[in-house]
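Colleague: Can you read through this structure? Questions will come right after.
The values are calculated or read from the model by the stated rules, or taken from the named source; none is laboratory data. What you see is a predicted model; the values in this text were computed from it and never measured. Backbone-built Cβ (ideal geometry, glycine too); neighbour counts: all protein chains shown. Heads up: the accessible areas ignore ligands, DNA and RNA and are worked out on the full protein's heavy atoms, side chains in. Shrake-Rupley method; radii C 1.70, N 1.55, O 1.52, S 1.80 Å.
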Amino acid sequence: GDGPDYIVFQQTVTEGLAALAAAYTGAVVQIEGMTWMQGESDVSVSASAAYAANLQAFIADVRATFGANLPFVVARLSSGQTALDAAGLATVRAAQAQVAAADPWTSIVNTDTFPLQGDHLHFDADGQQLLGSAFAARAGYLVWMPDRFSPEQIAAGLAEETADADGA
């Protein structure tokens, strides 16, 4: 079953969509994508081993609830987050990259150059702004992607930003 935090997430999104639909009755209200910055609490040896499977299951559940091909952008934990266990950090980072590489509707944001606070764990104000901009760029690309690439090209992993959809 869904945990209490995930239930609150689902309720919040559902209520937000309903409020928008009520406020803008002539508009089409839909979710364009999801961004995800998480993983620090999963860096322990016991939790990090299950991170890839848990992230895949989470993405699948979000898509089952809010849209089958919902673009999903994951911010990979930063290599600069040295306040975390190094082995667990490496495991979670690899899992995040693995999940994104296996799913053409999931992308990764590299946060390694984003500045951190002195705690070597949380992004500072500039880092948070860079994260927001990176999320917007990656999510925007995934939303635009079906306008440029066929479903077959996307499924085959041929819809990268540098790809030439028409061969021209």
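Colleague: Pairs please, first residue from segment 85-97 and under 22 Å from Phe72 (Cβ atoms), second anywhere and open to solvent by 60 Å² or more (accessible area, probe 1.4 Å), Cβ atoms under 7 Å, 6+ apart in sequence or on different chains.
Modeller: Here the result reads Thr91/Ala49, each pair linking segment 85-97 to a residue that is open to solvent by 60 Å² or more (accessible area, probe 1.4 Å).
Colleague: Hey, could you check segment 106-123 for residues that are under 18 Å from Gln38 (Cβ atoms) and assigned to a loop (DSSP other than H, G, I, E, B) and say which is least open to solvent (accessible area, probe 1.4 Å)?
Modeller: Checked segment 106-123; the qualifying residue least open to solvent (accessible area, probe 1.4 Å) is Thr111.
Colleague: Moving to a separate point now. Tally time: how many residues in segment 141-162 are part of a helix (DSSP H, G or I) and open to solvent by less than 40 Å² (accessible area, probe 1.4 Å)?
Modeller: Residues meeting the conditions: 4.
Colleague: Being within 13 Å of the chain's Cα centre (by Cα), open to solvent by 60 Å² or more (accessible area, probe 1.4 Å) and not acidic (Asp, Glu) narrows it down to one residue among Ala97, Ala136; which is it?
Modeller: The unique qualifying residue is Ala136.
Colleague: Here is a follow-up. Which residue, of Phe72, Phe114, is within 13 Å of the chain's Cα centre (by Cα) and at pLDDT 95 or above?
Modeller: It is Phe72.
Colleague: So, in segment 1-28, exactly how many residues are open to solvent by less than 40 Å² (accessible area, probe 1.4 Å) and either at pLDDT 90 or above or outside any loop (DSSP other than H, G, I, E, B) (or both)?
Modeller: Result for segment 1-28: 4.
Colleague: Go through segment 66-84 and give me each residue that's touching a helix residue (DSSP H, G or I) at 6+ places or on another chain (Cβ under 6 Å) and either open to solvent by 40 Å² or more (accessible area, probe 1.4 Å) or without any contact (Cβ under 8 Å) to a residue 12 or more places away in the chain (or both).
Modeller: Arg76
Colleague: Every residue in segment 29-51 that is in a loop (DSSP other than H, G, I, E, B) and among the β-branched types (Val, Ile, Thr), please.
Modeller: Val29, Ile31, Val43
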